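The values are calculated or read from the model by the stated rules, or taken from the named source; none is laboratory data. Please read all numbers here as calculations on a predicted model, not as lab measurements. Heads up, the Cβs are rebuilt from the backbone with ideal geometry, glycines too, and the neighbour counts pull from every protein chain shown.
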Amino acid sequence: MGEIKMHPTITKLQEVVAKGDDSKIAGLLAEKVQFLPPTYYKSWTGREPVAAVLGHVGQVFSDFKYRRVMGEGNDWALEFQCKVGNLDAVGVDLLTLDDDGLITKFEVVMRPHKTIGALRDAMNARVMADPRFQNFRDSLS
């Protein structure tokens, strides 16, 4: 198996996602990006709300690192490990890029269940305290 030719968007994502800086994440997202979180079955749609959610996630996760990257063209899977509080987790970011290299779909799958519950609680507290999310409620589909 040969070396994967990394897409520039995937390289940049690995640099910025754990920093929790939504302004750097936003530039990687398509205008109508769809984000499917591991904590519930609805999705967020739109660059601004998805960047804000991912920014908060980057601040909730600690010891975050990507372990493996698989993919080519427009379809990518990035395996990660992290902590939420003192709980360990592993997961995969499943990404679809458009022809301009922007992320159009960002789905996260994680385990174990206990850590996902801790992530949900931490994210709910952050979202409720972030006034931007009053404007983003309509983007939750």
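May I ask you to list the residues in the stretch 118-134 that are in contact (Cβ under 8 Å) with a residue 40 or more places away in the chain and more than 16 Å from Ser62 (Cα to Cα)? Walk me through how you get there before you give the answer.
First, pick out the residues of the stretch 118-134 that are in contact (Cβ under 8 Å) with a residue 40 or more places away in the chain: 119-120, 122-123, 126-127, 130, 132-133.
Answer for the stretch 118-134, where residues must be in contact (Cβ under 8 Å) with a residue 40 or more places away in the chain and more than 16 Å from Ser62 (Cα to Cα): Val127, Asp130, Arg132, Phe133.
Being touching a Ser or Thr at 6+ places or on another chain (Cβ under 7 Å) and surrounded by fewer than 17 Cβ atoms within 10 Å (Cβ to Cβ) is the filter here; which residues of the stretch 1-35 pass it?
First pass over the stretch 1-35, keeping only residues touching a Ser or Thr at 6+ places or on another chain (Cβ under 7 Å): 28, 30, 32-35.
Of everything in the stretch 1-35, just one residue is touching a Ser or Thr at 6+ places or on another chain (Cβ under 7 Å) and surrounded by fewer than 17 Cβ atoms within 10 Å (Cβ to Cβ), namely Lys32.
Among the residues of the stretch 1-41, which ones are assigned to a loop (DSSP other than H, G, I, E, B) and at pLDDT 90 or above? Please lay out each step first, then the result.
Start the filter on the stretch 1-41 by keeping residues that are assigned to a loop (DSSP other than H, G, I, E, B), which leaves 1-7, 20-21, 27-28, 37-41.
Correct list: His7, Gly27, Leu28, Pro37, Pro38.
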